[in-house]
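Take a look at the structure set out below.
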Amino acid sequence: MASWSSIVLGSSLVALGTLAGCSARAGLPSYAVVPDFQLIDQSGAAFDSAAKLDKHVWVADFIYTSCAGPCPRMSSQMHSVAKALAGADVRFVSFTVDPKNDSPPVLKEYASHFEADPARWFFLTGPEDRLQFLSRKVFMLGDTGGNLEHSTRFCLIDRESRVRGYYLTEEADAIPRLIADARMLAK
């Protein structure tokens, strides 16, 4: 027959194992570091990532405003994530893949359609080569150049500008996982 102390010790080990499993998401991988960048936001103002995003958790995606495919769904999902994280220190960034057509006034109108809080959700445009560099070399989401094809993934970035997660928006559990991971990083 097991002694009381061995039962307590065994229960403690089981509890620690359970906690370790629960905190497995806390050990999110680090895929890349996002360098400082400068673009233009939906209000037409210069956007400096160091000033707006440093020391904040943020979620990024690549969209374009005239998209009839996945972009409206992605923007609706981003709106849902922003609402779910309303009390958390999390920002949101949507980069255009169509800078020729997505001017600041066009982005501003698009942002208002999705009830984007301009203090937390930034829609960015700028030189095509800079947007291409960010998509391909930094976020590792592929080319954005000219054909309007782009990734439908959201990226989660931590307070040290490290990409910590990718979330394929077509997957049923992607948005709940993103919300949980962003909350965990924002604590």
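The values are calculated or read from the model by the stated rules, or taken from the named source; none is laboratory data. In this text the structure is predicted, and so the values were computed from the model without any measurement. Reconstructed Cβ throughout: ideal geometry from the backbone, glycine too, with neighbour counts over all protein chains shown.
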Checklist entry - Only one residue in Asp41, Asp54 is within 15 Å of the chain's Cα centre (by Cα) and among the charged types (D, E, K, R), so which one is that? => result Asp54
Checklist entry - When you scan segment 84-100, how many residues do you find that are surrounded by fewer than 17 Cβ atoms within 10 Å (Cβ to Cβ) and under 19 Å from Ser151 (Cβ atoms)? => result 0
Checklist entry - How many residues, within segment 116-131, are at pLDDT 95 or above and acidic (Asp, Glu)? => result 1
Item to check | Pairs with Cβ under 6 Å, 6+ apart, first in segment 101-118 and farther than 13 Å from Cys71 by Cα, second at pLDDT 95 or above and of a type in the set (D, E, K, R) | outcome: none
Checklist entry - Out of (1) in a strand (DSSP E or B); (2) in contact with a Gly (Cβ under 6 Å, 6 or more places away or on another chain); (3) under 18 Å from Pro70 (Cα atoms), what's the single condition that is false for Leu156? => result (3)
Checklist entry - Which residues, taken from segment 105-116, are of a type outside the set (A, V, I, L, M, F, W, C) and either assigned to a helix (DSSP H, G or I) or over 17 Å from Met74 (Cβ atoms) (or both)? => result Pro105, Lys108, Glu109, Tyr110, Ser112, His113
Checklist outcome for this item: From the option list Trp58, Trp121, single residue qualifying as touching a His at 6+ places or on another chain (Cβ under 9 Å) and closer than 19 Å to Ala186 by Cα is Trp121
